[in-house]
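This report concerns only the one structure given below.
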Amino acid sequence: MGRIVRNLGEGVTKHYWYPGQKSDWIKSGIAVGAGVLAFVLSLVITQNSLVAATLGSSTTTGIGGALLGRRDVTALQEFHDMAAERRAAVADSGRAAWRGTVQGFVCAAAAVFVFNMPQTGFVADWLLPIVPAIVGALAHTGGMVYERMGQLGKAASESTGRSSSKELEPTR
């Protein structure tokens, strides 16, 4: 949970609480900005709003999915034991539910956005609206794999660093 603190006067402080952390909101803004940029560029280049909507929303869901996938793996590493720390585990579950809700909403909104473009037909009405959700899901999995491989690589380098330092120690 994030918090903004404003001093309104002497002895008066107002706290604004918002879900997520500031860095997560900045990353979300980058994903939306990249999607808008992709939409505008592809609209200018192709002059086709359906293609532009599909590319723009797929860019947003792709970047957002990768970021949420990486965050999910990090959160799993920090997840508290339910038996020992019930309150912290419930908070962890709430944050995971929030991330899942946001990802589901963005995918649904992207499908509605693509579906409401003026073109019609089987491809425009049935296939292209699900493309952003598929891109987001694949990017989420890719983000999870990327983050986990980074963690495993770091653990492996730390373990080899320890074993090599043991090899350099003189024997007695």
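Summary of computed values
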{"read-out": "Between region 129-164 and region 93-112, the alpha-carbon center distance in angstrom", "value": "21"}
{"read-out": "Helix-only mean residue ellipticity at 222 nm for the chain, each DSSP H run of n ≥ 4 adding -39500 (n - 2.57), per residue, nearest 500", "value": "-26000 deg cm²/dmol"}
{"read-out": "Cα-based convex hull, the chain, per residue volume (Å³, whole number)", "value": "235"}
{"read-out": "Sites VAL36 and SER159 - FRET efficiency at Förster radius 45 Å, r taken between beta-carbons, to 0.05", "value": "0.55"}
{"read-out": "Distance (nanometres) between label positions extended 7 Å along Cα→Cβ at THR13 and ILE130", "value": "5.2"}
{"read-out": "ASP92 accessible area, assembled protein chains, probe 1.4 Å, Å²", "value": "20"}
{"read-out": "Crossing angle, helix 131-168 versus the chain [Cα axis fit, 0-90 degrees, rounded to tens]", "value": "20"}
{"read-out": "Acute angle (nearest 10 degrees) that the helix 86-115 long axis makes with the longest principal axis of the chain, alpha-carbon atoms", "value": "20"}
{"read-out": "Given 13 as the ceiling on other Cβ atoms within 10 Å, longest exposed-site-free region of the chain for GluC sites (Glu not before Pro) in DSSP loops", "value": "86-172"}
{"read-out": "Accessible area of ILE134 in the full protein assembly, 1.4 Å probe (Å², nearest 10)", "value": "90"}
{"read-out": "Ratio of the Cα radius of gyration of region 13-70 to 2.2 N^0.38 Å, where N counts its residues", "value": "1.42"}
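The values are calculated or read from the model by the stated rules, or taken from the named source; none is laboratory data. In this text the structure is predicted, and so the values were computed from the model without any measurement. Note that each Cβ is placed from the backbone with ideal geometry, even for glycine, and that neighbours are counted across all protein chains shown. Keep in mind that these areas ignore ligands, DNA and RNA; they rest on the heavy atoms of the full protein, side chains included. Shrake-Rupley method; radii C 1.70, N 1.55, O 1.52, S 1.80 Å.
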